[in-house]
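J.: One structure coming up, written as structure tokens, with questions to follow.
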Amino acid sequence: MRLRTKLLLAALSILALPWAGWQFVQRMETLLRQGQEQALLASAEALARGIAVRPGGLPPAGESWYVHRLDYAPRLDGLADDWRGAADAPAQAGAPRPWLRAVAGRANDRLHLWISVDDASPERGEAHWPGDLEFDRLQLSLLGRGGELTLRLANSGTGPLKVAGIDGLPPPIRVEGFWREREGGYDVELALPQDYLVRGLGLQARDLDASGTRRVAAMPADAGDAARLPLHGYVGALEPVLLALAPEGMRVRVADREGWVVARAGALRADPTEEDILPWRRGLYRTLLFRDIGAASAESPDARRLVRAELARAIAGEPAVAWRRDPAGARLLLSAAVPLVVDGQVRGAVLLERSNSEVLVLTDQALSGLLGVSAVAFLASGGVILLFATRLGQRIRRLRDAAERALDREGRVTPFPRTSARDEVGDLSRSFARLLDQVAAYTDYLRTLAGKLSHELNTPLAIVRTSLDNLEHAALDDEARAYVTRARDGVERMGLLVRTMSEVTRIEHAIEAAEAEDTDLRALLADCAEAYRALLAPRELRLDLPPGPLRLRAAPELVVQALDKLVDNARGFTPPEGWVRLSARAEDGGVRISLANRGPTLPAAMRGRLFDSLVSLREKNQRGEGAAHLGFGLYVVRLVADLHRGRAEAHDLPSGEGVEFTLHLRGMP
């Protein structure tokens, strides 16, 4: 993986910035919601205190009858379909048995009752029958302006309601109603006189089965025949008070202890600003920010009864808040419920609601700003890192290229570029430069070592050789003369080494001072071949030259030196019955000279080092001689090729029976 890619991957850590910003937005949204909750709770508590100072019309502290407000008087037929949902309300407070339900309503200042009794074993009778007889009947206890009144309701079948006093005589007031039998029980619908103002109401149902067992259900529960509950209903007089106290754009409702709405005022403010938020972003906020907020139930603003968790907590005496999503839109609804306390008693609860599109709008603004800043920061930092990585990569590539060019083909050290940068790459570049300076100095020392050694060793060798000459004329026994002969052989070998080193030094100097001239290489090779025949005998020399001249601007004496080294190398590796082939031909921009010979192939490990200095593949006596070989021959060949802007190469013959050395010469400038 490239350095730039690694740095770009490291730049991804910048993504922690939008993550941290998102955490901040979430925290800010939470704090904003908490602040709005506290503000709405304070408004609701202030509203509850304002209502509590005017307790007239509020529901009583204990159990009571809730009287529904009916838009019109229902028809007295024992059916509840014209009560507009009031008869579908839950059982009235105080109902002790599920088989008795009763609902009260008021229309045109007249009190209506709808009573439903489940009875699978009918034992019906008439209201005027004697009270000591047991049969199914209802007993209604009233408290009006004229005092207490108890009525007996009983029918032997479906029809107009039969009403009698507790003593079986006709009642003092005219009660209209209808008794309707149904499968599994009966329903009763009645209406009291319009001028009869009822302040308390009690209901008792007596049911007798076929075995004579009686069961009784009363409202209120577990009370006597004369027990009554106070009545309360919707208090229209509270609406102006609520409108005056409720903040603008909010909806307030007052509920009794059973959740029945006794007053309402205000309406939720429309939130046109939410329409400016794109739908996909509203969905994103719902998913990420408001996933803990459920959708509000499809509750009508004119609902008669409220069933909410926060309202139940408020009725229990504990203020509570709740968040909901508007099912008709994306806005948030915040509701706060506080207990309505009068004289230390909880008489109901105040529910204050408001729309909180501000949360969504502010969140959208904060998130939009965060995304914009994060995008700019990410692009800017990514661009800076990309530029830095590109610049750093270029510097490292230049350093790599300079290190690869530090040594040329001749082993000379080229100048290493230095930099004044004060960073790690600059330090590395300067360290490489110092190291290569030392290598260059050492290489120059090795290059001149051969010349220095040959010069310094000539005089001692001359002294040793003169001394050995003098010893030969002395009277020596056979054993001493053998030692002298061995010493002379050693001196000759040392002399050969010194001459070889001197020759290499001389050739290097000659290369430095060589002058180019137009040369016919074909004629030059032909002349040299005649001399090589005698040197290579008994080996066969094969000559493959073009018919025409091969013109090249070259140093002929140095080309001959290179050929001498190649022929000497071939002579050392070619067996007596083998052959040596010298060939030449023109090629693009120069001349190609090849010398092939039969013999062993090149070692694979040495193919790239054949033309280096002091590299030799010869073994002792390989040429049938005891002469030492220092490995300067092919090195001289490479120097000559480089002088002629060419190259030297070696490879095995395709047949595998030998090797071929080739000089590609393009001429001297």
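J.: Once you sort the root eigenvalues of the Cα gyration tensor of segment 431-478 as a ≥ b ≥ c, which label holds: rounded (a/c under 1.5), prolate (a/b larger than b/c) or oblate (the other case)?
T.: prolate
J.: When a/c reaches 1.5 or more, the comparison of a/b and b/c decides; with that in mind, is segment 403-542 rounded, prolate or oblate per its Cα gyration tensor?
T.: Oblate, because a/c is 1.5 or more while a/b does not exceed b/c.
J.: Give, in whole angstrom and from largest to smallest, the semi-axes √(5λ) of the equivalent ellipsoid of segment 384-459, with λ running over the eigenvalues of the Cα gyration tensor.
T.: Semi-axes (√(5λ), whole Å): 38, 12, 5.
J.: Out of residues 5 or more away from ARG598 or on other chains, whose amide H comes under 5 Å of its own, with H placed 1.01 Å from N in the peptide plane?
T.: TRP579
J.: Determine the shape class of segment 496-569: with a ≥ b ≥ c the square roots of the Cα gyration tensor eigenvalues, call it rounded for a/c under 1.5, and otherwise prolate if a/b is greater than b/c, oblate otherwise.
T.: Oblate is the answer for segment 496-569, as a/c is 1.5 or above yet b/c matches or exceeds a/b.
J.: So, one more: Between LEU9 and ARG269, how high is the FRET efficiency from 1/(1 + (r/R0)^6) when r is the Cβ-Cβ distance and R₀ = 56 Å? Nearest 0.05.
T.: Plugging the Cβ-Cβ distance into 1/(1 + (r/R0)^6) gives 0.65.
J.: Right, another one. Relative to the Cα centre, what is the charge dipole magnitude of segment 538-600, using +1 at the beta carbon of each Lys and Arg, -1 at the beta carbon of each Asp and Glu, and rounding to the nearest 20 debye? Each step should come with its number before you reach the end.
T.: Numbers: 10 positive and 8 negative charges, 13 e Å.
Rounded to the nearest 20 debye, it is 60 debye.
J.: Using a 10 Å cut-off on Cβ atoms, rank the peptides 201-208, 480-487, 555-562 from the highest mean neighbour count down. Working shown, then result.
T.: Numbers: 201-208: 23.0, 480-487: 12.4, 555-562: 19.6.
Peptide ranking by packing, descending: 201-208, 555-562, 480-487.
J.: At 0.36 nm per residue, and after removing the present C-alpha to C-alpha distance, how many nm does the segment from THR414 to THR390 gain when stretched out fully?
T.: 6.0 nm
J.: Summing +1 for each Lys or Arg and -1 for each Asp or Glu, what net charge is found among the other residues whose Cβ lies under 14 Å from the Cβ of GLY159?
T.: Local charge sum for GLY159: -2.
J.: Continuing with this model, one more query. How many nm separate the modelled label positions at ARG647 and ILE463, each set 7 Å beyond the Cα in the direction of the Cβ?
T.: 4.9 nm
J.: Carbon-plus-sulfur fraction of the accessible area of segment 149-211, 1.4 Å probe, in percent?
T.: Within segment 149-211, the accessible surface is 53 percent carbon and sulfur.
J.: Another question, if that's okay. Translational D (Stokes-Einstein, µm²/s) of segment 522-613 at 25 °C and 0.890 mPa s when Rh comes from the Kirkwood sum over C-alpha pairs? Don't skip to the answer; put the middle values down first.
T.: Details: Rh = 14.3 Å.
My calculation gives 172 µm²/s for D.
J.: So, one more: What FRET efficiency comes out for GLN34 versus ARG84 if R0 is 45 angstrom and r is the Cβ-Cβ distance? Round to the nearest 0.05.
T.: After rounding, the FRET efficiency stands at 0.65.
J.: For segment 174-213, what ratio Rg/Rh do Cα atoms give with a Kirkwood hydrodynamic radius?
T.: Result: Rg/Rh = 1.09.
J.: Additional query: For a Förster distance of 56 Å, can you work out the FRET efficiency between the beta-carbons of ILE511 and ALA480, rounded to the nearest 0.05?
T.: Once rounded, the FRET efficiency stands at 0.75.
J.: A further question on this structure: Report, to two decimal places, the Cα Rg of segment 132-198 normalised by 2.2 N^0.38 Å (N = number of residues).
T.: Relative to the 2.2 N^0.38 Å estimate, segment 132-198 comes out at 1.14.
The values are calculated or read from the model by the stated rules, or taken from the named source; none is laboratory data. Note that this is a predicted model, so its numbers are computed, not measured. Every residue, glycine as well, gets a Cβ built from its backbone with ideal geometry; the counts of neighbours run over all protein chains shown. Note: accessible area is taken over every heavy atom of the protein model, side chains too, but ligands, DNA and RNA are not part of it. Shrake-Rupley method; radii C 1.70, N 1.55, O 1.52, S 1.80 Å.
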